[in-house]
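Trainee: Pasting a structure below so you can have a look.
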Amino acid sequence: MLHLPQSFPYLDGFQHLALCLVQALGLVPVVASGNVLGGGNGANSLGVADFVAAYAALNSAYLQSPKVAWAMSHTTLAYLLGLVSTTGQPMNLVQYVDGQATIFGVPVKIAPSMDSIGASQTPVVLGAFDYWCTRLVVDSTSGIAIYREAPGLIENGNIGMRAFIRADGCVLYSDTGSPAPFVMLQNCS
């Protein structure tokens, strides 16, 4: 099994994580009620109560994992940083510990390909990423290539560079009779 490094700041390859969780495991997402204080609803916002519900839904055994994390896009994290109460005070849902964003003491990982907040979207996943496997595909087109002899490059003092890598991932869990290692936070429609 492949493990993500402890300090890996970005998790990508999650374009279909929510779909994978629903199809493979039959997981039912925690549906957002929204930020009532900010005037939003569950279709266009997330609130503190939604994160409490997701946190409570994950089995406590998985919360002990050193690889437990919240995964979300940068725009979702930015939204959460801006949550305020009815008096305009910051909600402070996201705290920074040694430069790492956390929610309820659980690290936040940026997954650029995850959904943003919106109707019927799944913008947040909480889980034990011990159960996530990222596969890097290595073939003849992978890696970094430097081009010096292409027309118009070397005679002008330039070089060309091409970088390419392909990755995919899957959930390493199939026991539908036990608590699942992931909880999805989904906006309502």
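The values are calculated or read from the model by the stated rules, or taken from the named source; none is laboratory data. Computed from a predicted structure; not experimentally measured. Every residue, glycine as well, gets a Cβ built from its backbone with ideal geometry; the counts of neighbours run over all protein chains shown.
Trainee: Out of Val97, Val108, report the one residue that is aliphatic (A, V, I, L, M), surrounded by fewer than 12 Cβ atoms within 10 Å (Cβ to Cβ) and without any contact (Cβ under 8 Å) to a residue 40 or more places away in the chain.
Mentor: That would be Val97, the only listed residue that is aliphatic (A, V, I, L, M), surrounded by fewer than 12 Cβ atoms within 10 Å (Cβ to Cβ) and without any contact (Cβ under 8 Å) to a residue 40 or more places away in the chain.
Trainee: Hey, can you tell me all the residues within region 69-83 that are in a helix (DSSP H, G or I) and either more than 16 Å from Gln121 (Cα to Cα) or free of Cβ contacts under 8 Å to residues at least 40 places away in the same chain (or both)?
Mentor: His74, Leu77, Ala78, Tyr79, Leu80, Leu81
Trainee: Looking at Gln15, is it closer than 20 Å to Phe182 by Cβ and at pLDDT below 90?
Mentor: In short, yes.
Trainee: Tally the residues that are surrounded by 17 or more Cβ atoms within 10 Å (Cβ to Cβ), modelled with pLDDT of 80 or more and either touching a Cys at 6+ places or on another chain (Cβ under 7 Å) or among the charged types (D, E, K, R) (or both), restricting the search to region 134-172.
Mentor: The qualifying residues number 1.
Trainee: Against the conditions (1) in contact with a strand residue (DSSP E or B) (Cβ under 8 Å, 6 or more places away or on another chain); (2) buried (at least 19 other Cβ atoms within 10 Å of the Cβ); (3) at pLDDT below 90, where does Gly34 fall short? Just the number, please.
Mentor: So the condition that Gly34 fails would be (1).
Trainee: Listed residues Leu172, Leu185; which is closer than 30 Å to Val124 by Cβ, in contact with a Pro (Cβ under 8 Å, 6 or more places away or on another chain) and touching a residue at least 24 places away in the same chain (Cβ under 8 Å)?
Mentor: Leu185
Trainee: Where residues in region 107-123 are within 16 Å of Phe51 (Cβ to Cβ) and part of a strand (DSSP E or B), which of them is nearest to the chain's Cα centre (by Cα)?
Mentor: If we take residues in region 107-123 being within 16 Å of Phe51 (Cβ to Cβ) and part of a strand (DSSP E or B), then Lys109 is nearest to the chain's Cα centre (by Cα).
Trainee: Of all the residues that make up region 124-147, how many are aliphatic (A, V, I, L, M) and closer than 30 Å to Phe51 by Cα?
Mentor: The number of residues fulfilling the criteria is 4.
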